[in-house]
Structures are given as structure tokens and as C-alpha cells.
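*Asks:* Okay, handing you the structure first.
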Amino acid sequence: MSYLKSNDLFKRIPTEELYQRIPRPMLIADHLMTPDNLGAMIRLADNIGATEVCFLGREEEHRLGKIRRAAASSRDNIRWYFSEETDLHHLVPEGKTLVAIETADNATCIYDTPLPEDVAFIVGSERDGLSEELLKQCDLVVYIPVPGPTRSLNVSHAAAVALFEWQRQMLHK
């Protein structure tokens, strides 16, 4: 067995055919503080084939150069923007199910929860998670079980787990 560049491997595994039968996901992040996390979210959304990334909060609070560096080439491949809108139904296209990735009273384990085909995932800030106001607007809340001593995931890692679990479920439908 020898190393194979990812672009060569994925030419043989056409996972993007998934989007011929279901809509692409959307990703929303609430008031992220770290430019590296914002850039990682852009890169992740590009990796999964999402339609867009919406960052809740004000653009001027962030260092765009650092965000662009962290996103690398993905910064030009996907639509990403900042919004101060707090009514998620104004941001999420009609028909999408809004799924929060959060530890909350009503959350279900992501691995035991059938995820919707037409989905918008939302993650909270690094420090405070999702606000009650945003959680109440979500159709579904899922958590990711974390067995180690540090019981919280980096926000971009949590989004990655959720998006690729969603992809796994969609590919096996």
C-alpha cells in the first residue's frame, strides 16, 4: 500500500453524487471569537460541499486576514458572510431543518438521531455555546458524546463530527 493524494482518491469515490438527490447543507456559527476557528469552519464547509457559512456577529470584530489564511483556498470556493440577524428563520432557507450541535437538556446523541436531509447546522461560540434564544429556534438539538477527561470539543471539530455523521447517514439511505 502506498500514499495516494486525496484528489486522486476522491476522483474514484464520487461522494458529491450525494447532492444529486439531496440538498447541500448550510453551516451557521454563533459569535465565534477565534479567527482560526472561523477559517476552519469555512474550510470544513467547503470540504463537505455546503452552500454557505453564516457567522452571527459583526465582521469588524474579526481579523479577516487571519480568517482567510486559516481558510486557505476554501475562502474563494464557498460563500461566507457575517450577519447580525437573530431570527434564524430569516437566514435559513425555507425547508431546511435547523439542527443545533450543543449540550442541552433536550439534546439527543447525534449517533442515535436520524438527521434530516435538508439541514442547517448551528454551533455556538467557543466560550458560551448557543444562547437560549437561538436554541429555542432550532428544530433539533444533538450532542456529540465525549468520553475523555476534557468534555468539550473545539467548535470546528464539533461541526466536523456533525457534518460527516450527516454525510454518513445520507450516503447509507
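*Asks:* Quick one: what Rg and Dmax do you get for region 42-173 from the alpha carbons, in Å?
*Replies:* Considering region 42-173 through its Cα atoms, Rg and Dmax are 14.7, 42 Å.
*Asks:* Further, regarding this structure: Sort Trp166, Trp80 by accessible area with a 1.4 Å probe, largest first.
*Replies:* Final ranking, largest accessible area leading: Trp80, Trp166.
*Asks:* Would you please give the residues with an amide H less than 5 Å from that of Phe82, counting only those at least 5 places away or on a separate chain, with H modeled from the backbone geometry?
*Replies:* Phe55
*Asks:* Can you give the direction-averaged projected area of the convex hull of the alpha-carbon atoms in region 65-141, in nm²? Don't skip to the end; give the middle numbers.
*Replies:* Details: hull surface 26.5 nm².
The number I arrive at for region 65-141 is 6.6 nm².
*Asks:* For Val119, list long-range residues whose amide hydrogen, built 1.01 Å from N in the peptide plane, is under 5 Å from its own amide hydrogen.
*Replies:* Placed amide hydrogens put Met26, Thr97 under 5 Å from Val119.
*Asks:* Then there is this: At a Cα cut-off below 23 Å, give the lysines reachable from Lys96, other chains included and same-chain residues fewer than 8 away excluded.
*Replies:* Here the lysines satisfying the reach criterion relative to Lys96 are Lys136, Lys173.
*Asks:* Kindly write out, for region 78-92 in residue order, the coupling ³J(HN,Hα) from the Karplus curve 6.51 cos²θ - 1.76 cosθ + 1.60 (θ = phi - 60°), rounded to whole Hz, with x marking Gly and Pro.
*Replies:* So the J values, rounded to whole Hz, are 9, 6, 9, 7, 10, 8, 9, 4, 10, 8, 4, 5, 7, 9, 8.
*Asks:* When the accessible area of the chain is computed with all protein chains present and a 1.4 Å probe, what percentage of it is carbon and sulfur?
*Replies:* Ligands and nucleic acids excluded, carbon and sulfur reach 48 percent.
*Asks:* Among Tyr81, Met170, Val141, which residue has its Cα positioned farthest towards the positive end of the charge dipole of the chain, with +1 placed on the Cβ of Lys and Arg, -1 on the Cβ of Asp and Glu, and the dipole taken about the Cα centre?
*Replies:* Met170
The values are calculated or read from the model by the stated rules, or taken from the named source; none is laboratory data. All values derive from a computational prediction rather than experimental measurement. Because the Cβ atoms are built from the backbone with ideal geometry, glycine has one as well, and the counts that use them run over all protein chains shown. Ligands, DNA and RNA are stripped out before the accessible areas are found, and what is left, the full protein with its side chains, is counted by its heavy atoms. Shrake-Rupley method; radii C 1.70, N 1.55, O 1.52, S 1.80 Å.
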